[in-house]
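Before any comments, here is the structure.
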Amino acid sequence: MLDYYKRSLSHHPDYKVIDEIKNETIKIIDATIMTVSLKLFPWAKYRTAKGGIKAHVSLDEAMMVPDIINISEAKVSDRRGVDDFRYSKGTIVVDDRGYFDCKLFKIRIDDENHFVTRLKDNILYQSVRELDLPEDKDFHLTLTLG
């Protein structure tokens with residue numbers, strides 16, 4: 001269905017094209033919890049008297065439609081819910097700090113994907129070097145692929 005509707009879905013009026021990545025495949029990853037009845041979903045026990053399921057979603061940025069969805073118990077971490085999300089070479093994967101995981105980074109590197117992940121607040125790191133911006137450039141960062 002996605003292949004069939006791809007042309008009409010990719011032309012929404014508020015769509016902004018970033019020249020540096022206009023021909024790249026971009027996937028946006030996130031998860032959300034939905035409350036469900038424990039009577040209907042006894043396997044989805046989330047809290048003492050509350051049921052919940054989590055939808056782990058891979059959203060195709062160009063079409064703004066999910067292309068992979070994994071449904072799990074709500075208590076499954078965001079990171080563990082995307083174990084089977086794999087992408088073709090060159091795909092840019094964007095997610096938040098819930099997916100900050102070195103094993104996941106290794107998978108993405110092996111698959112030759114580019115990825116952007118927010119750092120966790122408590123991450124320990126050391127700057128190797130700091131580069132000054134050229135005088136004739138603004139302070140916006142530009143993504144360079146290749």
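The values are calculated or read from the model by the stated rules, or taken from the named source; none is laboratory data. These figures come from a predicted structure and were not determined experimentally. All Cβ positions, even for glycine, are placed from backbone atoms using ideal geometry, and neighbour counts span all protein chains on display.
It is to be established whether one or more residues within region 121-135 are under 16 Å from the mean Cα position of the chain (by Cα), at pLDDT below 95 and not β-branched (Val, Ile, Thr).
Checking region 121-135: not a single residue is under 16 Å from the mean Cα position of the chain (by Cα), at pLDDT below 95 and not β-branched (Val, Ile, Thr).
Where residues in region 106-135 are outside any loop (DSSP other than H, G, I, E, B) and basic (Lys, Arg), which of them is surrounded by the most Cβ atoms within 10 Å (Cβ to Cβ)?
108
Would you mention how many residues in region 96-105 are under 23 Å from residue 21 (Cβ atoms), part of a helix (DSSP H, G or I) and out of contact with any helix residue (DSSP H, G or I) (no Cβ under 8 Å at 6 or more places or on another chain)?
2
Of the residues in region 67-95, how many are in contact (Cβ under 8 Å) with a residue 60 or more places away in the chain and part of a strand (DSSP E or B)?
Going through region 67-95 one residue at a time, the tally reaches 5.
Quick check: anything in region 6-18 at pLDDT 90 or above and either within 21 Å of the chain's Cα centre (by Cα) or β-branched (Val, Ile, Thr) (or both)?
The answer is no; no qualifying residue exists.
From the list 86, 118, 108, 80, which residue is within 11 Å of the chain's Cα centre (by Cα) and either among the basic types (Lys, Arg) or closer than 23 Å to residue 18 by Cβ (or both)?
118
Starting from region 43-66, keep only residues that are in a loop (DSSP other than H, G, I, E, B), then list their pairs with residues that are aliphatic (A, V, I, L, M) whose Cβ atoms are within a distance under 6 Å, requiring at least 6 positions of separation or different chains.
61/26; 61/28; 63/9
Could you identify the single residue in 99, 46, 87 that is at pLDDT 95 or above, crowded, with 17+ Cβ neighbours inside 10 Å and of a type in the set (Phe, Trp, Tyr)?
Selected residue: 87, the only one of 99, 46, 87 that is at pLDDT 95 or above, crowded, with 17+ Cβ neighbours inside 10 Å and of a type in the set (Phe, Trp, Tyr).
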